[in-house]
Structure formats: structure tokens, C-alpha cells
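Throughout, read-outs are computed from the coordinates displayed, never taken from laboratory work. Just so you know, these numbers come straight off a predicted model, no measurement behind them. Note that each Cβ is placed from the backbone with ideal geometry, even for glycine, and that neighbours are counted across all protein chains shown.
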Amino acid sequence: MSTATPRALELIGVPLDLGAGRRGVDMGPSALRIARIGETLASLGHDVVDAGNIDVPQREIAEAGPAELRFLGPIAQTCRTLYAATRSALDRGRCPIILGGDHSLAMGSVAAVADAGRARGLRVGVIWLDAHGDMNGPGTSPSGNIHGMPLACLLGRGADPLTTISERRPAVDPQDVALIGIRAIDGPESALIRSSGVRVWTMRAIDEHGMRSVIGDAIEDLGRECDLLHVSFDVDFLDPGIAPGVGTRVRGGPNYREAHLCMEMLADSGMVGSVDVVELNPILDRENASAELAVELLASLFGKRIL
């Protein structure tokens, strides 16, 4: 059953694996389509258009760049391409749903959403659902993998090619970001998160207060100043017992019903205007179960209800 008002949705695939250490996330968009993401959202009454995939440089022939910022140039190029595709969808009145691909793509999607909002006099808040902080920089990252840096770059801290994708630097203000579900933080990154000004709810907060309280507080806090929400959903936010198809599994994440409640409450807010689904790795999955779960959760985010 759906209680959602029909919306115009646009699927944009980003087969990007340059920011990740393990191969396979470039097949994430295909896995989500095989799990019938378009058909599922259409069955809820939405007008769904699949725009296909944007062009992404192939890893085998891409310029690797410096060890502390691996594939910097091709990733920046991809994010700028995604920025244009996302702005185009928004300008046509469609809600973009970005199918990743690794989380570095959010530097393009979030920048586009934030800029488009400002152009309309609207303020966009970001709900970042993730096991990781994604706030490393070239001086703190142990791997040089850029998928561990996108939130820092959106907040204006990082390499210029990644922090200047939006029309404004920073693309988003720290008080407009809610980082939820983190439980695996690199040592130096911890201090960066604490000093950043973002609103943070760790898994301990979810354990102590429950998902209902955490998501409710995040929506209330951001809703005081923001008009719209962008949901950046890293599949490793979920416990790997229910979503094994990710490259960086971290035990102790939200369970099946907690994840659905999170999405249902975000849907109830009526504020969600755009979404990323990232870090799905079909190579590490079991019979596409993680992709199917991600599609279920997106259905909840776009209005599917039990009754």
C-alpha cells in the first residue's frame, strides 16, 4: 500500500568505482535495476524515468594520480558530470535518485541539490546514513580512497577539484548535515568529525535511544532551518547480516525493521527531495539480496506503507 502523493522521479546511474578500494561497486546501478527499482517505485504511483548511466572513466585506463588522492582527476570529472545531470533533473521538476557507485559521487549530487535549492530560495539539509564518517582528507586517510572524503569536501575541506564543484564553497553548511549510524571511524578522522559542527548520531545513540528518537530528532533539528532534505544512503549503514553486498562491512548496524522505520519517518516528513544509494557491491552480495533490500527501503522512503 502507498500513501504517497505521486511524484516525478528520475533514476541516474553512476557506475563509479574509482573512489573505492575494492572493485565491484560500478555494477551497483545494474544490480538495483535487476532488483526492479523502477518498477517498484512506479507501482506506488510515481512517474519514473530512467535516464540511464552517466559516463564514468574506466579504471583500467584512468589516471591514478597521487597516492593520497587516488583517481582525483577522473572522480572530479565524474562528479561534475553528475552535477549537471542532477541539476537538469531538478530543473525539470523531477526528484533525482542517484544509483551508485561509490560514495564519492555525492560530491556531485549534493552540490547540485544544494545549488538548485539556493537558486529557488530554499535551504537543503543532508541526512548522511553511513557506517563511516566520510570526513577524511589526504592527510588523514589511511588509503587515499576518495570515497572516505566526500562529506569533508562538501563542507569545504579537501582538494580544490573536489570542493569547487558547487557554485558556493562550502556546498553545504555543517549545521545542515545529520550524520547517522557511524561506528567505524579512523583515529584522526574522529577529531575532524567532533570539530566539524555537523550533527552526529552514532550507533550507540541508536542503541540507547532507538531509531524513532534519533531520526525524529534529526528531522526536527534540520527542519528548523531547512526546507528540503537530501538522503545520502550508503548501504553499509545497514548491518551486514541483512546487507552483505558492500565492500566495507561493519557489524552492528541497523536491523531490518530499524532501517524501514528510518525510511518511513523520512517519508513522513514530506521533506525528501533527492536521494543517493551508494556502495552496493554485487560481487560481494548473495543472490542480489542487498540490492533487493535497498529497493525495499527506497519504496518505504517513497511512500510504501503496511496499511
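Taking the Cα centroid of the stretch 127-175 and of the stretch 49-99, what is the distance between the two, rounded to the nearest whole Å?
15 Å
May I ask you to derive the relative contact order of the stretch 115-180, considering only C-alpha pairs under 8 Å and at least 6 residues apart, and to give it as an integer percent?
Numbers: 83 pairs, mean separation 25.4, N = 66.
Computed over the stretch 115-180, the figure is 38 percent.
For the chain, would you read off the P(r) tail past 30 Å as a percentage of all alpha carbon pairs?
Values: 10238 of 46971 pairs.
Of all Cα-Cα pairs in the chain, 22 percent lie more than 30 Å apart.
Can you work out the Karplus-derived ³J(HN,Hα) for every residue in the stretch 144-152? Use 6.51 cos²θ - 1.76 cosθ + 1.60 with θ = phi - 60°, whole Hz, and x for glycine or proline.
Whole-Hz 3J(HN,Hα) from phi for the stretch 144-152: x, 7, 6, 5, x, 10, x, 5, 4.
Can you give the helix-only mean residue ellipticity at 222 nm for the chain, where every DSSP H stretch with n ≥ 4 adds -39500 (n - 2.57) and the sum goes over all residues, rounded to the nearest 500 deg cm²/dmol? Please report the intermediate quantities before stating the final value.
Numbers: 11 runs with 114 residues, N = 307.
Computed mean residue ellipticity for the chain: -11000 deg cm²/dmol.
Going 7 Å from the Cα of Ala51 in the Cα-to-Cβ direction, what parts of the stretch 286-307 have a backbone nitrogen less than 13 Å from that spot?
none
Cβ neighbours within 10 Å, averaged per peptide: list 52-59, 11-18 in order, most packed at the top. Let's see the in-between values first.
Working: 52-59: 15.9, 11-18: 25.8.
In decreasing order of mean packing, 52-59, 11-18 become 11-18, 52-59.
Once the other residues with Cβ under 10 Å from the Cβ of Leu129 are scored (Lys, Arg +1; Asp, Glu -1), what is the net sum? Walk me through the intermediate numbers first.
On the way: positive: none; negative: Asp130, Asp234, Asp236, Asp276.
Once positives and negatives cancel, what remains is -4.
Please report, ordered by residue number, every helix of the chain (full DSSP H runs) that is 27 Å or longer along its axis going by C-alpha atoms and whose mean Kyte-Doolittle hydropathy reaches 1.6.
Numbers: long enough: 72-91 (28 Å, 0.17).
Helices meeting the criterion: none.
Under 14 Å from the Cβ of Asp207, count the other residues' Cβ atoms, weight Lys and Arg +1, Asp and Glu -1, and hand me the total. Walk me through the numbers before you get to the answer.
Numbers: positive: Arg183, Arg204, Arg212, Arg251; negative: Glu208, Asp239, Glu258.
Its environment carries a net charge of +1.
What number, in percent, do you get for the relative contact order of the stretch 8-301 if the mean sequence gap of Cα pairs under 8 Å and at least 6 apart is divided by its residue count? Don't jump to the answer; show the numbers that get you there.
Working: 657 pairs, mean separation 65.9, N = 294.
Answer for the stretch 8-301 is 22 percent.
Once fully extended, how much extra length lies between Arg168 and Asn255, figured as 0.36 nm per residue of separation less the alpha-carbon to alpha-carbon distance?
Numbers: separation 87, 0.36 × 87 = 31.32 nm, distance 3.71 nm.
Separation in residues times 0.36 nm, less the Cα-Cα distance, equals 27.6 nm.
Report the local net charge at Ala291: Lys and Arg +1, Asp and Glu -1, summed over other residues whose C-beta lies under 13 Å from its C-beta.
-2
For the chain, set up a Gaussian network in which alpha carbons nearer than 10 Å are linked by springs, and say which option among Ala51, Ala106, Ala76 fluctuates the most.
Looking only at Ala51, Ala106, Ala76, the largest GNM fluctuation is found for Ala51.
What is the set of long-range amide H partners of Val177 at a cut-off below 5 Å, with H atoms built 1.01 Å from backbone N?
Val126, Arg199
Report the gain in length on full extension from Arg194 to Arg123: 0.36 nm times residue separation, minus Cα-Cα distance, nm rounded to one decimal.
Values: separation 71, 0.36 × 71 = 25.56 nm, distance 2.35 nm.
The span from Arg194 to Arg123 would gain 23.2 nm if fully extended.
Count the DSSP beta bridges whose two residues both fall in the chain, then state the antiparallel fraction as a percent rounded to the nearest 5. Please list the in-between numbers first.
Values: 2 of 36 bridges.
Of the beta bridges lying entirely in the chain, close to 5 percent run antiparallel.
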